[in-house]
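Data block below; observations after.
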Amino acid sequence: MKLFSVIIPVYNTEGYIDRCLSSVFNQGLDDSFFEIIVVNDGSTDGSMHIVYNYLLIHNNIYVIDQQNSGVSVARNNGLQMASGKWIIFLDSDDCLYTGSLSELLSLDIINQSWDVLICKSISNDNQSVNYYPWNHLGIKNHEFYSGIELYQKGFNRGSACGCVFNRDFLNSFHLRFPEQVVLGEDVVFISLVYIYSQAIIFHETPLYCVEIRSGSASRKFDFDRCYLYCQNFNFLKNYIIAHKNLSFEQLSILDYTKFRLINYAIYVCMNSSCFNPFKLKKILNLRDVLPIEHNPTRNGSYKVWLLNHCFSLYFYVVVLKYSIKDVF
């Protein structure tokens, strides 16, 4: 059995996929320690030609071809094939930090029983930028936390990348990406991980390098994308209906996911040509989403109250918050 399965969905990233694959082979590990599962999500450029050039040299690369179905379907298909003990999700325009996997294997924590190992995710252009920091929340490296504990401490992630997942843990709870969701799928997936995980640990090693590019899906601010957040709300609603034994704490995490997704939709709205809270409220169908019943925040209950009772005012509070953040 391989130790690592690196799952890479590929869709028209011919300018980045070579660096992405090279970074996986630049981990200081023999090919026998890991496998790369490339999921071709219907690419129409030269991306797969580059992949097949690697395939001629390495026997630990596997390719899955699918019609263009989105990153959730691609990752789930990769998970279905994966044989590694640990799973890493890697976007084809990003890369792994040099030597990070060999460093992880040298640590004592690698032999402990954990569900998720969270490492640093840094900017490829500015390595001082650390996405999703945790030290300021009192979270200590190499200590075990449940997902509920991390939620209560206020640690949130918007990406499955930069983590190492125990494959047995994912399979035991059948944790998969929501295939009917095409925007914000990572937020939903991480929330599901949180409600079931009892053993999440942190390590300061940079694992993941994020490439900031204007053409990436996460950098597009078309107002029509706000419609897509309704898919998340529908998924969460149906998930709760299908899992009637969820605890109050688990339901609180899923409600907080709705809270975060609404904030993301506001951010998309404020960066698009249509700056209209009333239209956004109608698009998101917030009459069905609100109220958020399980008070999800530690110190921000007033935000939940404001969101539940006056969306237009809450909209401008969030806009002000994002504006100040962008300035500073």
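Nothing in this text is a laboratory measurement; each read-out follows from the coordinates by a stated rule. Just so we're clear, the structure is a prediction, and the values are computed from it rather than from any experiment. Reconstructed Cβ throughout: ideal geometry from the backbone, glycine too, with neighbour counts over all protein chains shown.
Points to keep in mind about this one:
- Among the conditions (1) touching a His at 6+ places or on another chain (Cβ under 9 Å); (2) in a loop (DSSP other than H, G, I, E, B); (3) aliphatic (A, V, I, L, M), ILE36 misses just one, which is (2).
- Residue in segment 245-265 that is farther than 30 Å from PHE173 by Cα and either within 22 Å of the chain's Cα centre (by Cα) or in contact (Cβ under 8 Å) with a residue 60 or more places away in the chain (or both) present: no
- Among residues of segment 272-291, those that are crowded, with 16+ Cβ neighbours inside 10 Å and farther than 14 Å from PHE311 by Cα, counted: 1
- Subset of segment 21-47 [buried (at least 19 other Cβ atoms within 10 Å of the Cβ) and farther than 19 Å from TRP86 by Cα]: ASN40, ASP41, SER43, SER47
- Leading residue by the ranking (surrounded by the fewest Cβ atoms within 10 Å (Cβ to Cβ)) among those in segment 72-99 that are closer than 11 Å to VAL39 by Cβ and out of contact with any helix residue (DSSP H, G or I) (no Cβ under 8 Å at 6 or more places or on another chain): GLN80
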